[in-house]
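Undergrad: I am attaching a structure below and will ask some questions about it afterwards.
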Amino acid sequence: MLGTAMYTTIKTLKAKGLNKSEIARATGHDWKTVNKVMLALESGKDVPSQKPHPSRLDAHQTRIIEWLEIGLSGVRM
């Protein structure tokens, strides 16, 4: 996953006049990934969109809240 720092790096290198292949070599990413980021930047996105990933604890949320309400610590849970 590409973070905000990688978007900034690609944006900076593009501003310096490097092409996709040069940016890919400099960052260690595939040129197709760099191309995807450059297209996103050209369309106005400054930060990557993140896919919502469920937490492993989501299925146990109600039970955890109950335990917190009765005063159990994280170690006891």
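Undergrad: Of all the residues that make up region 49-71, how many are farther than 30 Å from Ala5 by Cα and outside any loop (DSSP other than H, G, I, E, B)? Before the answer, list the steps.
TA: Within region 49-71, the subset farther than 30 Å from Ala5 by Cα is 59-71.
Now restrict to residues that are outside any loop (DSSP other than H, G, I, E, B): 59-69.
Here the count works out to 11.
Undergrad: Output yes when any residue across region 4-25 is exposed (fewer than 12 other Cβ atoms within 10 Å of the Cβ), at pLDDT below 90, within 21 Å of the chain's Cα centre (by Cα) and of a type in the set (Val, Ile, Thr), and no when none is. Break it down stepwise before answering.
TA: So in region 4-25, the residues exposed (fewer than 12 other Cβ atoms within 10 Å of the Cβ) come out as 4-5, 12, 15-17, 21.
If we keep only those that are at pLDDT below 90 too, we end up with 4-5.
This time we only want the ones that are within 21 Å of the chain's Cα centre (by Cα), so: 4-5.
Now drop any that are not of a type in the set (Val, Ile, Thr), which leaves 4.
Yes, that holds for at least one residue.
Residue by residue, here is whether (1) on the phi > 0 side of the Ramachandran plot; (2) in a loop (DSSP other than H, G, I, E, B); (3) aromatic (Phe, Trp, Tyr) holds:
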residue	(1), (2), (3)
Tyr7	no, no, yes
Leu18	no, yes, no
Met38	no, no, no
Ser73	no, yes, no
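Undergrad: So is Val47 modelled with pLDDT of 90 or more and either in contact with a Ser or Thr (Cβ under 8 Å, 6 or more places away or on another chain) or among the hydroxyl-bearing types (Ser, Thr, Tyr) (or both) or not?
TA: Working: modelled with pLDDT of 90 or more: no; either in contact with a Ser or Thr (Cβ under 8 Å, 6 or more places away or on another chain) or among the hydroxyl-bearing types (Ser, Thr, Tyr) (or both): yes.
When the stated conditions are applied, Val47 does not pass them.
The values are calculated or read from the model by the stated rules, or taken from the named source; none is laboratory data. Keep in mind that what you see is a predicted model, and the values were worked out from it rather than measured. Note that we place each Cβ from the backbone using ideal geometry, even for glycine, and neighbour counts take in every protein chain shown.
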